[in-house]
Amino acid sequence: MPDGINNHQAQGGAAPQFDAIIVGAGFSGLYQLHQLRDQLGLNVLVIEAGDDVGGTWYWNRYPGARCDSESHYYSYSFSRALQEEWRWSERYPEHGEIRRYLAHVADRFDLRRNISLNTRLTAARWDEAGNRWLIDTDTRGTLSATVFITAVGCLSAANIPQIPGLDTFKGAWHHTGRWPHQGVDFTGKRVGLIGTGSTGIQATPVIAQQAAQLTVFQRTANYSIPARNRPLTDEEWSEIQDSYEAIRERARSSTNGHPFVIFDKSALDVSPAERSRRYEEAWARGGLGFRAAFNDLLKNPAANATASDFIRAKIAEIVRDPATAAKLTPTDHPFASKRPPVDTDYFDTFNRANVTLVDIKATPIERIEARGIQTTETLHELDIIVFATGFDALTGPLLALEISGAGGHNLRQDWAAGPRSYLGLQPPHYPNMFTITGPGSPSVLTNMPVAIEQHTQWITACISYMRAHGFVRIETSEEEAGTWVAKVNAAANATLLPMANSSWYLGANVPGKPRVFMPYAGGMAHYARICDEVARDGYRGFTLSRARQVA
Ligand code: NAP
């Protein structure tokens with residue numbers, strides 16, 4: 001049993017009290033615990049539903065799952081010793097390696113004694129009289145904390161489409177974000193995979209190698225850039241170690257938390273020959289850095305069209321059957337207006353004899369039946385269905401917590417028309433609650449560890465300030481949230497991001513979800529400066545109160 005958890009509840013006593021309760025033991029929760037416990041000396045508990053640490057990577061174990069930020073910067077930067085002792089094996093970290101890294105972090109900083117695994121938060125309620133949060137759990141009764149911090153990730157609530165007849169399917173089916181820990185054996189099986197986002201694009205080539213037959217059901221064709229994954233050589237690793245601080249600094253001062261050097265010219269300001277040479281180089285290097293080939297790919301539609309056309313031409317070059325190549329060619333949104341995937345042999349996989357592509361915009365899925373998936377055209381007989389259909393992103397994991405705030409407020413109702421939050425850090429009416437990488441912050445538009453370190457450090461500094469000045473309550477207002485939401489919208493509208501109608505950034509992938517652009521697109525470094533200024537101004541936009549004012 002972790003420190004600080006006692007039997008008061010079981011004995012009918014008051015809820016066990018903590019200075020802070022954090023939900024989630026992924027990148028965010030682990031580092032937030034380390035800071036609050038080891039820097040501020042607080043009594044902290046992390047609640048985690050899984051049976052180990054890992055967060056998003058605890059659940060996402062589908063074939064081909066690896067991060068498409070490069071390993072040496074998809075990692076914590078706060079500890080030089082940790083950075084020096086952990087040796088990543090490949091350019092992009094595979095899911096198991098990320099879990100081993102996070103387990104190492106938990107052990108190295110002795111975090112496990114304050115983590116309650118296999119514990120699910122069932123509701124969180126603000127107790128006005130006690131000026132505290134009451135946290136209901138499934139295994140430990142009700143706990144209480146002065147500060148409540150959500151570290152639940154942005155992409156953790158699985159989106160499983162309500163296709164009629166799924167319950168009648170005689171084979172097995174799995175969502176990629178809830179993948180069985182023992183794995184799935186595709187040998188000799190007829191597999192159907194629905195969804196061609198980052199996940200489907202990673203899983204398709206790996207499943208195709210094992211399955212007897214793979215049928216990919218595609219709703220929207222996607223752009224994808226080759227990842228060019230490979231083992232990291234000792235020489236590369238020592239170069240990374242030598243320049244680590246500069247790499248970290250570049251990542252922190254960038255728009256997306258990646259240490260890319262963005263070429264400082266428009267795609268329209270160079271000759272066609274130079275443009276094509278730069279795109280070829282970026283394609284050969286591989287990875288999300290393709291977006292840095294020019295400085296206006298996400299701002300100027302004409303500049304973007306040159307990149308979109310380049311990728312379309314690559315698809316036509318790689319895929320031998322022209323009809324399949326045409327179906328795989330995205331036409332309805334500009335490159336990178338949806339989160340751009342990176343892949344290993346995705347388009348080439350459609351040259352295999354055992355792989356078929358079904359365009360479900362042309363021939364929609366009507367239902368699932370015992371033997372497989374029935375489209376308007378035919379029945380696709382299947383043994384296994386893989387749902388690579390993404391997530392109820394950003395708001396889904398928070399709304400699942402059933403949070404009620406001050407004055408009878410309820411987050412589900414408050415966010416019925418879209419998330420409202422100041423700086424993506426705290427919604428109005430939810431005192432002493434902080435949302436790490438919440439909607440309204442750069443979150444999913446960045447290399448996540450950079451956004452996570454910035455948020456957790458800001459929250460730690462804020463709590464430290466409150467304690468130093470005798471404040472016990474921090475809250476924001478409707479007005480501040482409204483002003484910030486307007487800034488989030490303005491930042492998105494200054495880019496091409498809203499041009500993708502089916503993007504999960506907009507909530508468009510989940511039927512009935514309000515279409516609101518959720519992450520802050522004004523840039524990671526710019527956002528961090530705003531947060532720093534808010535703190536420097538005595539937490540401008542927040543009201544801080546001392547105990548006697550609360551009572
Ligand atoms: P996603 O990008 O939302 O893609 C879901 C796919 O399923 C889309 O092709 C979508 O089609 C399709 N789909 C959704 N509902 C459907 C329905 N009812 N019927 C048919 N098709 C449906 O989800 P994801 O691929 O899991 O990726 C989500 C995010 O997770 C990524 O964008 C990325 O940020 C992160 N991720 C990262 C990595 C990595 O780092 N390597 C890997 C995987 C995921 P539409 O496009 O038409 O909606």
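The values are calculated or read from the model by the stated rules, or taken from the named source; none is laboratory data. Fair warning: this is a prediction, and the values are worked out from it, not measured in the lab. Please note: Cβ atoms are built from the backbone with ideal geometry, for glycine as well, and neighbour counts cover all protein chains shown. Areas reflect the complete protein model, heavy atoms only, side chains present, ligands, DNA and RNA absent. Shrake-Rupley method; radii C 1.70, N 1.55, O 1.52, S 1.80 Å.
Would a scan of region 470-483 turn up a residue that is surrounded by 15 or more Cβ atoms within 10 Å (Cβ to Cβ) and within 16 Å of the ligand (Cβ to nearest atom)?
For region 470-483, residues surrounded by 15 or more Cβ atoms within 10 Å (Cβ to Cβ) and within 16 Å of the ligand (Cβ to nearest atom): absent.
Pairing each residue of region 500-521 that is under 14 Å from Gly440 (Cα atoms) with any residue that is open to solvent by less than 40 Å² (accessible area, probe 1.4 Å) and of a type in the set (D, E, K, R), provided the two are 6+ apart or on different chains, yields C-beta distances under 7 Å for Gly507/Lys513. Residues that are more than 25 Å from His409 (Cβ to Cβ), modelled with pLDDT of 95 or more, within 16 Å of the ligand (Cβ to nearest atom) and polar (S, T, N, Q): does region 115-124 have at least one? Within region 115-124, not a single residue is more than 25 Å from His409 (Cβ to Cβ), modelled with pLDDT of 95 or more, within 16 Å of the ligand (Cβ to nearest atom) and polar (S, T, N, Q).
Among the residues of region 484-520 satisfying the criterion of being assigned to a loop (DSSP other than H, G, I, E, B) and farther than 23 Å from Ala416 by Cβ, which is nearest to the ligand (Cβ to nearest atom)? Talk me through it step by step, then tell me what you get.
Pass one, region 484-520, residues assigned to a loop (DSSP other than H, G, I, E, B): 494-496, 500-503, 507-520.
Imposing the further condition that a residue be farther than 23 Å from Ala416 by Cβ reduces the set to 494-496, 500.
Details: Ala494: 21, Thr495: 16, Leu496: 16, Ala500: 8 Å.
Per the criteria, the residue is Ala500.
Rundown of residues vs (1) open to solvent by 20 Å² or more (accessible area, probe 1.4 Å); (2) within 11 Å of the ligand (Cβ to nearest atom); (3) among the basic types (Lys, Arg), yes/no style:
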{"site": "Ala157", "(1), (2), (3)": "yes, no, no"}
{"site": "Thr168", "(1), (2), (3)": "yes, no, no"}
{"site": "Arg178", "(1), (2), (3)": "yes, no, yes"}
{"site": "Ser198", "(1), (2), (3)": "yes, yes, no"}
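One line per residue, one yes/no per condition, for (1) surrounded by 21 or more Cβ atoms within 10 Å (Cβ to Cβ); (2) small (Gly, Ala, Ser):
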site	(1), (2)
Thr395	yes, no
Leu398	yes, no
Ser421	yes, yes
Pro427	yes, no
Pro442	yes, no
Ala461	no, yes
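Examine region 525-532 for a residue that is surrounded by 14 or more Cβ atoms within 10 Å (Cβ to Cβ), part of a strand (DSSP E or B) and away from the ligand (no atom under 15 Å from the Cβ), and state whether such a residue exists. Checked against the condition, which is being surrounded by 14 or more Cβ atoms within 10 Å (Cβ to Cβ), part of a strand (DSSP E or B) and away from the ligand (no atom under 15 Å from the Cβ), region 525-532 yields no hits at all.
Can you say whether Tyr73 is crowded, with 19+ Cβ neighbours inside 10 Å and touching a Ser or Thr at 6+ places or on another chain (Cβ under 9 Å), as far as the supplied structure shows? Even if it seems obvious, please write down each step before you answer.
Numbers: crowded, with 19+ Cβ neighbours inside 10 Å: yes; touching a Ser or Thr at 6+ places or on another chain (Cβ under 9 Å): no.
No; evaluated as a whole, the condition is false for this residue.
The residues of region 337-371 that are within 16 Å of the ligand (Cβ to nearest atom) and aliphatic (A, V, I, L, M), listed by number, are Val342, Leu357, Val358, Ile360, Ala362, Ile365, Ile368.
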